[in-house]
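Each remark here refers to the structure printed beneath this line.
The values are calculated or read from the model by the stated rules, or taken from the named source; none is laboratory data. Keep in mind the model is a prediction, meaning the values are calculated, not measured. No Cβ is skipped: glycine too gets one built from the backbone with ideal geometry, and neighbour counts run over all protein chains shown.
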Amino acid sequence: MRHLLSIEDLERADIDRIMERAASFAEVGRRDIKKVPTLRGRTVVSLFYESSTRTSSSFELAAKRLSADVVSVKSSGSSVDKGESLKDTIATLSAYAPEAIIIRHPHAGAAKLVSGWTDAAVINAGDGKHEHPSQALLDTYTLLDRLGAGEGKPRTDLEGKRIWIVGDVLHSRVARSCALCFRKMGAEVTVCGPPTLIPRGVADALDVQVSYSLDDLAEADVVYALRMQRERMTDTFVPSIREYAVNYQINSRRLGPRQLLMHPGPVNRGIELSPEVIDGPASLITAQVESGLVVRMAILYELLAGGEPRGSADAELPAPTPIGEPA
Amino acid sequence: MRAISALDWRGTDGAPAGALVIRGARVVDPREGLDEVRDVVVREGEIAAIPSAGSGEVDGAEVIDAEGMALFPAFFDPHVHLRTPGREDKEDVETGSRAAAAGGYCGILAMANTDPPVDTAADVSALREQAREQAAVPTGFMATVTKGMGGAELTEMSDLAEAGAVGFSDDGLPIRSARVMRRALQYQQLVRLPIALHEEDPELSAGGSMHEGEVSAALGIAGAPSVSESVMISRDIALAMFEEASIHVQHLSAFESVSTIEHAKAYGIRVSCEATPHHLVLTDESVRSLDSRFKMNPPLRAEADRQALIDAVRSGTIDCIATDHAPHTSNEKEVPFEQAAMGVTGLETAFSVLYTELVLPGVLGLDVLLERLNGGAEPLGFTAPRIARGAEANLTLCDLDAEWEAGANGWESRSENSCFAGRRLRGQVLMTVAAGRVAYRQRSFAMGVAPSGAA
């Protein structure tokens with residue numbers, strides 16, 4: 001892998017490698033000294049054109065855990081505010097010869113465009129309503145970890161699992177990346193929401209089932225709720241948030257005891273999720289945030305420190321060695 | 001019908017047109033039922049004779065050896081953007097008309113959505129003056145239907161007609177108000193000029209930067225649905241019928257639009273329409289690359305839409321092919337897809353793209369393509385080019401065997417935003433004759449180098 005631009009571009013083997021690598025970083029995370037020297041002396045630029053708490057902080061911390069030097073640029077207060085074009089901004093930042101550029105941008109294809117303008121590995125941290133691949137990878141990791149394969153063994157696929165993605169699919173890059181990733185891992189995916197928030201053609205586009213009601217939610221092994229953005233109401237996508245919640249809120253009445261619950265955050269309590277399910281035993285929401293760190297470390301490692309076996313096809317990758325331990 | 005030579009261009013200056021003998025080309029004019037190897041003799045701006053090959057002679061005439069080449073009635077484009085006045089960094093009358101000449105066009109009509117828009121008689125007069133100095137082919141200028149393209153008040157249409165506007169169009173924007181549209185069609189009875197319409201319901205297309213369908217669902221890009229075009233066409237057809245007016249519908253893109261116009265024509269309503277080479281050759285699948293060269297309005301649509309357009313070109317429901325040549329600067333395209341400017345250039349590639357992608361695979365006959373490439377002349381009020389004795393000499397000489405890469409040797413246009421750049425194309429325009437004068441010679445052809453193989 002040269003860049004991480006979309007789930008669409010990824011091979012199943014790429015996903016598998018990131019999952020394995022993330023699991024080994026999770027092991028490092030349980031040690032006293034959590035930092036590894038892999039990217040010491042290397043520069044990672046984080047360039048966010050949209051506000052973000054968890055993605056930006058998680059990527060930053062992941063890069064720091066790998067000992068990289070991190071430069072964070074936010075669009076407000078930077079030259080972007082002064083009207084600099086994306087191309088010129090990338091040219092400027094590329095002058096620091098970064099190894100990776102992590103970019104979030106309000107428009108589809110921005111990360112891909114940037115990959116053509118720089119020698120750095122480009123990581124898409126969300127491009128418009130297109131994709132958010134690191135989110136889908138951390139969600140997949142969370143699910144594999146939670147589901148397990150019995151006898152304490154890690155699970156390596158989602159075969160036979162039914163996952164419902166519920167809410168504003170139209171405006172959700174998370175929905176697109178997750179649907180693609182879950183399908184690549186073998187799960188059956190249903191997208192569910194009001195017809196005005198389900199894009200025309202989505203069944204063929206993402207190879208998923210479409211449902212406009214939660215009537216059959218009981219078939220789901222996993223319920224993945226999306227954030228309902230209040231501003232959508234003003235554009236008459238739904239008549240009211242109240243009615244949306246009546247029809248689509250995931251609550252203890254709708255969520256069965258064996259069903260797992262996920263949400264990319266931040267949650268609108270009382271809208272897409274009722275308070276009791278957020279904090280309930282089936283909720284993976286906190287686990288998702290924890291996975292974010294190790295999966296993003298794995299992504300950086302994969303892009304900057306090897307990944308695909310070079311030379312012989314079955315060459316083993318060196319396991320990361322924590323700082324303070326003999327290499 | 002007016003002659004194409006009635007349009008302004010620099011060819012009308014200076015010395016009288018010299019005589020020309022184009023010798024031994026395959027002469028094809030489907031309207032004349034002509035497809036034979038002949039000579040074509042051009043004198044005083046007209047086709048003087050079409051004698052058997054090798055027998056055409058005129059004293060002092062330039063003789064062009066065209067053996068192995070094909071000679072067609074020249075193309076006519078009722079829909080180009082020359083960006084003058086205001087955006088000469090994208091294109092101007094000279095560069096845009098040179099692109100037209102290089103594409104085999106003997107005449108073009110420029111849209112009025114300039115900066116500021118062409119909405120006064122003085123604007124039209126100034127442009128015509130500019131065309132007489134700079135235009136490489138006869139060039140006409142549209143004026144806007146509404147002042148400043150504001151959609152609220154009609155322009156002084158009769159004054160604009162007097163100044164020589166060739167027609168009216170707010171192209172780039174639809175005429176939102178049905179009331180204003182109706183008034184314009186009523187006023188057409190007075191000015192007797194074509195009204196060309198960019199059909200789009202802005203309520204339905206709002207926010208869309210590509211076709212709404214499977215690909216937009218995969219990309220998470222807001223789409224403009226096909227019906228945003230067809231509902232506006234339906235409205236304007238109803239108004240045209242009511243007012244007994246005529247309308248020309250620009251750049252059809254959707255299946256629904258084709259079927260709406262088919263019914264209107266069958267009903268006897270005076271409506272003509274055009275399709276672009278990119279809508280006939282490409283679909284929204286190209287947008288998967290998120291390459292902003294594939295962003296235009298109307299957007300590239302689905303394969304079923306493309307097939308409907310091709311069928312309509314074949315049947316004649318679509319009267320003509322228009323390029324909607326829309327130059328932009330590179331910095332307006334080097335941005336994420338949703339932010340990019342809409343539009344692509346097209347004059348220099350139209351024939352070769354359609355010949356390569358539709359004629360050679362047997363989808364469309366060469367005869368149909370040739371009729372549609374100047375089929376825009378008559379609906380817009382001009383005599384279509386013909387290869388017949390006494391007809392005004394508007395001719396395009398092509399090497400159908402030549403292979404070339406689009407854009408490899410640069411462009412005549414000031415802009416590079418071609419969605420076909422880098423494609424290997426078959427069939428190349430070698431020479432264009434407009435109103436009896438040579439408007440363009442391809443470089444290696446002009447130097448007497450055999451073009452096929454050398455390209």
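General observations
- Among the residues making up region A:202-259, a single one is hydroxyl-bearing (Ser, Thr, Tyr), within 19 Å of A:Pro275 (Cβ to Cβ) and either in a strand (DSSP E or B) or not assigned by TED's automatic domain parsing to the domain that holds A:Ala187 (or both): A:Tyr224.
- Candidates B:Gly172, B:Gly167, B:Gly207, filtered to the one that is surrounded by fewer than 24 Cβ atoms within 10 Å (Cβ to Cβ) and either more than 30 Å from B:Thr283 (Cα to Cα) or within 14 Å of chain A (Cβ to nearest Cβ) (or both): B:Gly207
- Screening region B:228-317 for helices (runs of 4 or more DSSP H) wholly inside it with 1 or more residues that are hydroxyl-bearing (Ser, Thr, Tyr) returns the ranges B:255-266, B:303-315.
- When B:Ser444 is tested against (1) at positive phi; (2) modelled with pLDDT under 95, just one condition goes unmet, and that condition is (1).
- The single condition among (1) among the hydrophobic types (A, V, I, L, M, F, W, C); (2) more than 14 Å from chain A (Cβ to nearest Cβ); (3) over 27 Å from the mean Cα position of the chain (by Cα) that B:Leu219 does not satisfy is (2).
- Close contacts from region B:202-222, counting a first residue that is touching a residue at least 24 places away in the same chain (Cβ under 8 Å) and a second that is basic (Lys, Arg) and assigned to a helix (DSSP H, G or I), with Cβ to Cβ under 8 Å and a gap of 6+ residues or different chains, come to B:Val215/B:Arg288; B:Ala218/A:Arg176; B:Ala218/B:Arg288; B:Leu219/B:Arg288.
- Of all residues in region B:31-54, exactly one satisfies the criterion of being hydrophobic (A, V, I, L, M, F, W, C), outside any strand (DSSP E or B) and modelled with pLDDT of 95 or more, namely B:Ile50.
- Scanning region B:63-121 for residues being touching a residue at least 60 places away in the same chain (Cβ under 8 Å) and either in contact with a strand residue (DSSP E or B) (Cβ under 9 Å, 6 or more places away or on another chain) or buried (at least 24 other Cβ atoms within 10 Å of the Cβ) (or both) gives a total of 35.
- Number of residues in region A:168-192 that are within 13 Å of chain B (Cβ to nearest Cβ), surrounded by 20 or more Cβ atoms within 10 Å (Cβ to Cβ) and not in a strand (DSSP E or B) equals 13.
- Among residues of region A:149-162 being assigned to a loop (DSSP other than H, G, I, E, B) and modelled with pLDDT of 85 or more, the one that is surrounded by the most Cβ atoms within 10 Å (Cβ to Cβ) is A:Leu158.
- Flag if B:Val271 is under 20 Å from the mean Cα position of the chain (by Cα) and at pLDDT 95 or above: yes
- A:Val238 being closer than 29 Å to A:Ile15 by Cβ and either surrounded by 13 or more Cβ atoms within 10 Å (Cβ to Cβ) or among the aliphatic types (A, V, I, L, M) (or both): no
- Qualifying positions in region B:54-89 - touching an Asp or Glu at 6+ places or on another chain (Cβ under 6 Å) and among the hydrophobic types (A, V, I, L, M, F, W, C): B:Met69, B:Leu82
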